[in-house]
Amino acid sequence: MAFDKMELRDIEVWDGNFAAAQAMRQAQIDVVAAYPITPSTPIVEGYAQFLADGYIEGEFVMVESEHAAMSGCIGAAAAGGRVATATSSQGFALMVETLYQASGMRLPIVLNLVNRALASPLNVNGDHSDMYLGRDSGWIQFDAYSPQEAYDLNLIAFKVAEDHDIRLPAMVNQDGFLTSHTAQGLKPLSDDAAYAFVGEFKPMNDMLDFEHPVTHGVQTEEDWHFEHKARQHNDLMVKVLPKIKEVFADFEKISGRKYNLVEKYDMDDADICVVCMGSSVETAREVASEMRANGIKAGVVGIRVLRPIPFFEIIEALKDIKAIAALDRSSPNGAAGMLFNEIAGALFNTDSKALLSGYVYGLGGRDLTKAHLVALFKELQANADAGKITTQLQQFIGVRGPKLAYL
Amino acid sequence: MAKKGWDEFEIGAMLRTFDGKIDDIAATRQEDRAYSQNSSYTASVADWRLIKPIFNKDYCIDCQFCWVYCPDVSIISRDKKLIGVDMDHCKGCGICVEVCPTNPKSLLMFPEQADEETEIASWPKKDEEEA
């Protein structure tokens, strides 16, 4: 490698943004096209700093919008480069049109999505509205609960996305501020180990292969479109999760850190559990342990891979549970929550007799406190004891005013 | 080559401009290149056109403006001399006529069914006022 390596300590104190930037440096990204937006900005700023300081051979493309940022990434990826960027919230919303292009063109871009609420009212703090907005876009979606995981999942995302059997773009979600700006001790890989894990970029149908010119971004109408979309869906449904499991196993070998499509915590003999994402998973784990000290068999299920949804792993994790709470950190705006629906869909044709209730929480960065979770676990235990759901199916946690409950 | 079937496309609906490897493409003229059926070069879009340019070489000064400005690379120029229009790809936008600096113009737009020889025989004369 013709650039400087960085000496890292066994334990570094990084926030989630810096962790993602470090992973992008170690993966030696060729092109970052980016437009800054809170709270994701330090990721691309970090890449630009590493580039300016001679730690990366690459290009930083400053563009006029997030739509242009992802368009630049698409062009660079089609040209045959390893490409990544980062965004949040409104920026992600502006990117949406190009997200579908990237996945349909089967370009392995990695997007760090630092989760933030969507306006209006404008809000810079963390919730999962942007994550949910991208869930039908054909991208692989990983979810990190901590800076360490944001770092690890970036390296993992490149290896999965760039595999020639996969060739699909991947998002790595992390909570705005709670993860992105919270410095924690984490164990990075050495530059050599990280790069060896991700591997050399292997181009596929790249536009810069002048001996085999190609056209990317074609048009198909009713005679062709459906087959292309069906094949993309098929690859997401059939190929991606086995590949992720394989890469998770490879990563465990070099790091000792084990990832799963669905992260189970104290689930083996649990009666009740919460299913959630982001930094809430860590809070819920702590509270679940405390509930156990009080004789309540509580567990936590974290969704590590939101797309493709690990349907059968969700069934397996929840099959013996008596009462489940699905926690959605995004306003469903006129429906049950996304996780509620995913879990209901997964369990519906099984023998599960689980009582499933949904909770909307944490919008716009509102804290999910341990006290909230204690009350929630108690409510789940009451459901389990009563053998029926004792509340309405959808409730809100931590919102002021008269109690809101629906369905 | 037979046309590709619905299940024969490569990942991402990516299309190859040529079948197999090519070399020295910059020094190979369009008509001598082995474009694949997936290349727009092998597809005629002439039926998009309602009016067409007719080229009168008697007035052309080979300035190449039309060649530079044509958005469809449909002006055929060889050794810096305009020799005609690629009527399979010309959409009839008239930009070549607009940018032509000669008096009278060397390219003019006519209805699609106009006869080339007839129109050239009755080509407008030099416009003295314009000069």
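The table below lists the values:
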item: Considering residues of the range B:17-32 that are facing chain A (nearest Cβ under 10 Å) and within 22 Å of the chain's Cα centre (by Cα) only, the residue surrounded by the fewest Cβ atoms within 10 Å (Cβ to Cβ); result: B:A26
item: Residue that is nearest to the other protein chains (Cβ to nearest Cβ) [pool: residues in the range A:91-109 that are within 23 Å of A:G364 (Cα to Cα), buried (at least 20 other Cβ atoms within 10 Å of the Cβ) and touching a residue at least 40 places away in the same chain (Cβ under 8 Å)]; result: A:F92
item: Test for B:K4: is it surrounded by 12 or more Cβ atoms within 10 Å (Cβ to Cβ) and either more than 14 Å from chain A (Cβ to nearest Cβ) or outside any loop (DSSP other than H, G, I, E, B) (or both); result: no
item: Conditions (1) under 16 Å from the mean Cα position of the chain (by Cα); (2) more than 24 Å from A:K187 (Cα to Cα); (3) of a type outside the set (K, R); (4) surrounded by fewer than 24 Cβ atoms within 10 Å (Cβ to Cβ); number of the one not met by A:H128; result: (4)
item: Enumeration of residues in the range A:213-223 that are part of a loop (DSSP other than H, G, I, E, B) and either free of Cβ contacts under 8 Å to residues at least 40 places away in the same chain or away from chain B (no Cβ under 12 Å) (or both); result: A:P213, A:V218, A:Q219, A:T220, A:E221, A:E222, A:D223
item: Qualifying positions in the range A:200-212 - of a type outside the set (D, E) and facing another protein chain (nearest Cβ under 10 Å); result: A:M204, A:N205, A:M207, A:F210, A:H212
item: Qualifying residue in the range A:254-264 (condition: part of a helix (DSSP H, G or I), at pLDDT 95 or above, away from chain B (no Cβ under 14 Å) and more than 30 Å from A:Y361 (Cβ to Cβ)); result: yes
item: Single match in B:I61, B:I76, B:I120 (criterion: part of a loop (DSSP other than H, G, I, E, B) and not assigned by TED's automatic domain parsing to the domain that holds B:T17); result: B:I61
item: Criterion violated by B:V45 - all others in (1) more than 10 Å from chain A (Cβ to nearest Cβ); (2) hydrophobic (A, V, I, L, M, F, W, C); (3) free of Cβ contacts under 8 Å to residues at least 40 places away in the same chain satisfied; result: (3)
item: From A:E57, A:E66, A:E45, A:E7, residue being assigned by TED's automatic domain parsing to the domain that holds A:T179 and surrounded by fewer than 16 Cβ atoms within 10 Å (Cβ to Cβ); result: A:E57
item: Residues within the range A:224-237 that are in a helix (DSSP H, G or I) and at the interface with chain B (Cβ under 7 Å from one of its Cβ atoms), tallied; result: 2
item: Residues satisfying the stated conditions in the range A:218-259, i.e. surrounded by fewer than 13 Cβ atoms within 10 Å (Cβ to Cβ) and either under 16 Å from A:I140 (Cβ atoms) or among the aromatic types (F, W, Y) (or both); result: A:F226, A:H233, A:N234, A:M237, A:V238, A:P242
item: Tally, over the range A:299-316, of residues that are more than 17 Å from A:Q141 (Cβ to Cβ) and under 19 Å from the mean Cα position of the chain (by Cα); result: 2
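The values are calculated or read from the model by the stated rules, or taken from the named source; none is laboratory data. These numbers were taken from a predicted model, which means no experiment stands behind them. Don't worry about glycine lacking a Cβ; one is built from the backbone with ideal geometry, like all the others, and counts go over all protein chains shown.
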